[in-house]
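Since the structure comes first, as C-alpha cells, the remarks are kept for the end.
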Amino acid sequence: MSGRDELLAAVQDRLLARDPRPLVLAEDAKRDAEALATGCDPDIEVTWTLGRFYWMRYHLRPGPQNDEIITALNYFDDLYATDPETGAQLAPDAFRVAIGEADSAVFDSSAPAEKLHDAALDLIRIYDYLLEPALIERAISLLNRAATSAHDSPFDRYTVLEDLAGMLLRYHEITGDTGWLAATTRVAREVIAAAHGDHLSPTYLSEFAGTFARLYRQAGDTGLLDSFIGACRDAVTEPVHDDPHRAGRLNNLCLELRGLFLRISEPALLAESVRAGRAAVAAASDDDPELGRCLYHLGTALLSEYEQAGDVGVITEAARVMRRAVAVSPAGDPGRAGRLSILGAVLHTLSQRTGDPDLLTEAVRVGREAVAATPAADPHRAGHLHNLGAGLQSLFESTGDTGLLTEAVQVMRDAVAATPEADPDRARSLTNLGVVLKRAADRTGDAGLLAEAVTVQREAVAAVRDDHRINRGLCLGNLASVLSELYQHTGDVAVLAEAVQAGRDSVVLTAIGETSRAARQNHLANALRELYKRTGELALLEEAIQASREALASVPPGHTDRALYLDNLGGQLQALFRKTGEMAPLRESVLARTESVAACPEGHPNRAEYLSNLGGALLILYWRSEEIGTEGVTELLDDGVQALRNAVAVTTADHPGRAGRLNNLGVALHALY
C-alpha cells in the first residue's frame, strides 16, 4: 500500500468509526490529515475525505474560535472546481450542515463584524453550488448586522459595505426586484462616502469599480456616477500620509478606472484614470518595483484617451511614457513583453498621425521583440500578436512589400488561435484578422480570402459581449467595410443593404469625439451612395451627404484623411445635382473638391484623382452655367482645364486611369477651343 493510500485509509477509518469523536479530535488525526494534504496530489477522493474530516472536527466542537468550518468549505470548493458532477452528488448534505453551523456561529448578538462578514461570505460560496436564493437573503442580513457593528473600524466597515452592495446587486439580478436595486444604490453611496478622506481610498475605490459598473449599467444614476468620479479625484489629490504603497494604490485605481470606462463609456472616468496614472508615476521612486507597472498602465490609459479625442499631444506623451516603461524593465522582467507590445501599438498610432515612417518601422521591431519574449501559453500572447499584425499591415501599406502583408495574415491567424472561445478579447482578434484578410484579397484578387474575411467579421460581431460598446462598434464597422467590398465583386444589393445597416449601427455605437467615428461615417456615406445608385431613393443620398458632413466636422484641418472626406462629399453633392437639377449642390461640390486638392500634399498617390474630380466638377458647372445664361463663366472652364492638366501631369504612364484622364482633358480642351 502506498503512502497516499495508508494516510487516506487512516483518515477514513476515523470518520467511519462507531464513535468518531475521540478519533477525529485526536492530535495525531490532524497530523495525518495534514500529511495527506501535503503528501499527495489532491484527487477527488482525497479532497472529499479532507473536507468531511475538517467539517466533522468543527461539528464535534463548534464555536467562534474554530475556523475548521472554513477549511472544510475550501475543500468542498476545490471538489466542485475539480469535478462539478461528483461534487453535486457528494457535497450538498455537508453544505446544508455547514449552513446551519455558519448560522449558529453568529446567533450571538455580540458577534463581531468580522465574524458576521466571514459567515455571510461562506453562505454565498455555498449558494454558488446549491443555487438557493434564501442563502443570499441570509447573507445580506448578516452583512447588514456587520455594517451596523463596524462603526468603530473604518476599514472593516468599508469592506462590509462593499460586499453588501455586491450581494444586493446580485440578488436584484437574480430576482428582477427593483427594490433590491434601490437598496444597492443606497449602500453604494455609503461605500463612496466611506472612502472619502482615508489614505486607503484608491484601493477601496478600485476594488469597488466592478460592482459600480454593473450597478450603473442597470440603474443609470448619473448623480451616483458624479459622486464616484469625485471620490476618485479626491483620492488622487488628497494629501500624502507617508504611505509607502501609494504608487501601487494609485496604479490600481488607474487600471480599474480605465476598465470601468471601457464598460460604461463615460469619458470623465478615463480622465480620472489618466490623472491617477500620472499621480502613481509621480509617487514612485526610480528604484520602486512598481514604477514599470505604473508607467505601463498610464501609457494604456493615455492611448485610450487619444483614441477618444485624437489629441496628438496625448499620444506623444504615451510614446514617451511607454519608452520609459520599457527602459526600466530589464530582460527577464515578466512585464517587459507587455510593455514592448503597448509601446509598439503607441508608436504605430503616432506614426499614423504624423506620417513618420521611422516610427512605424520601430513599432514593428518592438512588436516582434514582444512576441518573441512571450511564451506560447501566455494568455497575453494573442494581444501581442494582434499589435504586431496591425503594425505589419501598416508597414506593408507604406512600403508595398507583400512579404509584410503575408506575415501580417499569419500573425493575425496566430492571434485568433491563441484566444480562447470564451475570451472577451476574441472578437477583437477576429475582427483584426478579417481586416488583414480583406486587404490581402484586395492585393491578390483571391475571392476565397474575401469570403473568409466576411465570415470572420460576422463571427467577430457575434463574439462581442453585449456590454462592450467600443468593441461592438469596431466589429460592425469592419463588417460594413468587407461587405461593401463583397458587393463590388458580386453586385448583390442585399449584401450592400447589410453593409449600410452595419455601418449605421457602428456609427451609433461610436461616441462623438472618438477618433474612429469620422472614418466610420465616411464609409457609411459611401455605402449609402452606392445603395442610392441601385435604388434611386433620394433619402439615401441625403443621408450620405449628412454622414459626410459629420465626418468632416470630426477631423481638424491638417488631418491625413480630410482630403478624402472632402472629395467624397463633393461626389455626393454632384450626385444630388444630377438628381434634382439644383445649382447649389453643384457649386458646393466644386468648393469641396477645391478644398480637397488644397488639403492633399504634393506627391500623395490620391492627388491625381482629386485633381481629375475637381476638373470634372468645374466643367459640369461651366456647361450648366452657360445653359442657364450665367455670364462670366469662362474662368470656370480655364480652371477646369488647368486641374485636368495637373491631374495628367502627376499620373504615371502605367496607371490604369491615365487614359480616362487624358480623354477628359481632351474634352475640356475642345470646349476651350
Q | Cα→Cβ-extended label distance, 7 Å offset, between GLU238 and ALA35, nm | A | 5.1 nm
Q | Label selected from (1) -0.64, -0.94, -1.09, -1.22; (2) -0.46, -0.79, -0.99, -1.21; (3) -0.53, -0.83, -0.99, -1.15, the criterion being log10 I(q)/I(0) by the Debye sum over Cα atoms at q = 0.07, 0.09, 0.10, 0.11 Å⁻¹ as computed here | A | (1)
Q: Calculate one ³J(HN,Hα) per residue across region 158-171 by plugging θ = phi - 60° into the Karplus curve 6.51 cos²θ - 1.76 cosθ + 1.60, and present them in order as whole Hz with x for glycine and proline.
A: 4, 4, 5, 4, 4, 5, 5, 4, x, 6, 4, 5, 4, 5
Q) For LEU60 and GLU582 in the same chain, what is the full-extension length gain: residue separation times 0.36 nm, less their Cα-Cα distance, in nm? A) 178.5 nm
(Q) Cut-off 12 Å, label point 7 angstrom out along Cα-to-Cβ of ARG320: give me the residues of region 532-563 whose amide nitrogen falls inside. (A) none
Q | Interchain or long-range residues, amide H under 5 Å from GLY310's placed H | A | THR515
Q: Hey, can you find the accessible area per residue of region 198-322 for me, probe 1.4 Å, expressed in square angstrom?
A: 38 Å²
Q. What is the distance in Å between the Cα centres of region 311-370 and region 605-621?
A. 39 Å
Q: Figure the gain on full extension for ASP356 and ARG4 (residue separation times 0.36 nm, minus the Cα-Cα span) and round it to one decimal in nm.
A: 120.2 nm
Q.
Rounding to the nearest 10 and keeping the result within 0 to 90°, find how far the Cα-based axis of helix 92-104 lies from the longest principal axis of the chain.
A. 70 degrees
Q: Quick one: grab the alpha carbon gyration tensor of region 559-673, order the square roots of its eigenvalues as a ≥ b ≥ c, and give me rounded if a/c is under 1.5, else prolate or oblate depending on whether a/b is larger than b/c.
A: oblate
Q: Using only Cα atoms, find the angle between the long axis of helix 113-130 and the longest principal axis of the chain, and express it within 0 to 90 degrees, rounded to the nearest 10.
A: 70 degrees
Q) Expressed as an acute angle from 0 to 90° and rounded to the nearest 10, what is the orientation of the C-alpha long axis of helix 3-16 relative to the principal long axis of the chain? A) 60 degrees
Q: For TRP623 and ALA649, calculate 0.36 nm times their separation in residues minus their Cα-Cα distance, and state this gained length in nm to one decimal.
A: 6.9 nm
Q. Among the aspartates and glutamates, which have Cα under 16 Å from the Cα of LYS30 when same-chain residues fewer than 8 positions away are ignored?
A. GLU6, ASP13, ASP67, GLU68
Q) Which whole-number percent gives the relative contact order of the chain, counting Cα pairs below 8 Å spaced six or more residues apart? A) 5 percent
(Q) What distance in nm lies between label points placed 7 Å from Cα along the C-beta direction at GLU27 and ARG443? (A) 7.5 nm
Q. Using Cα pairs under 8 angstrom and six or more residues apart, how large is the relative contact order of region 425-569, in percent?
A. 17 percent
Q: Decide, for region 353-491, between rounded, prolate and oblate: order the square roots of the alpha carbon gyration tensor eigenvalues as a ≥ b ≥ c, take rounded if a/c falls under 1.5, and otherwise choose prolate if a/b is larger than b/c, else oblate.
A: oblate
Q) Toward the positive end of the charge dipole of the chain, about the Cα centre and with charges on Cβ (Lys, Arg +1; Asp, Glu -1), which of ASN144, VAL435, GLN546 goes farthest? A) GLN546
Q | Per residue accessible area of region 560-673, 1.4 Å probe, in Å² | A | 52 Å²
Q: Taking DSSP loops as anything outside H, G, I, E and B, show the longest stretch in the chain free of GluC sites (Glu not before Pro) there with at most 16 other beta carbons within 10 Å.
A: 1-420
Q: For the chain, with all protein chains present and a 1.4 Å probe, just round the carbon and sulfur fraction of the accessible area to a whole percent.
A: 52 percent
Q: With a Förster radius of 51 Å, plug the Cβ-Cβ distance of GLU537 and ASP287 into 1/(1 + (r/R0)^6) and report the FRET value to the nearest 0.05.
A: 0.15
(Q) With a 1.4 Å probe and all protein chains kept in place, how much accessible area does ILE44 have, in Å² rounded to the nearest 10? (A) 50 Å²
Q. Taking the Cα centre of the chain as origin and charging only Cβ (+1 Lys, Arg; -1 Asp, Glu), how large is the dipole, in debye to the nearest 20?
A. 1600 debye
Q.
What distance in nm lies between label points placed 7 Å from Cα along the C-beta direction at ASP333 and LEU669?
A. 6.5 nm
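The values are calculated or read from the model by the stated rules, or taken from the named source; none is laboratory data. Not measured: the values here are computed from a predicted model. No Cβ is skipped: glycine too gets one built from the backbone with ideal geometry, and neighbour counts run over all protein chains shown. Quick note on the areas: whole protein, heavy atoms, side chains included, nothing else; ligands and nucleic acids left out. Shrake-Rupley method; radii C 1.70, N 1.55, O 1.52, S 1.80 Å.
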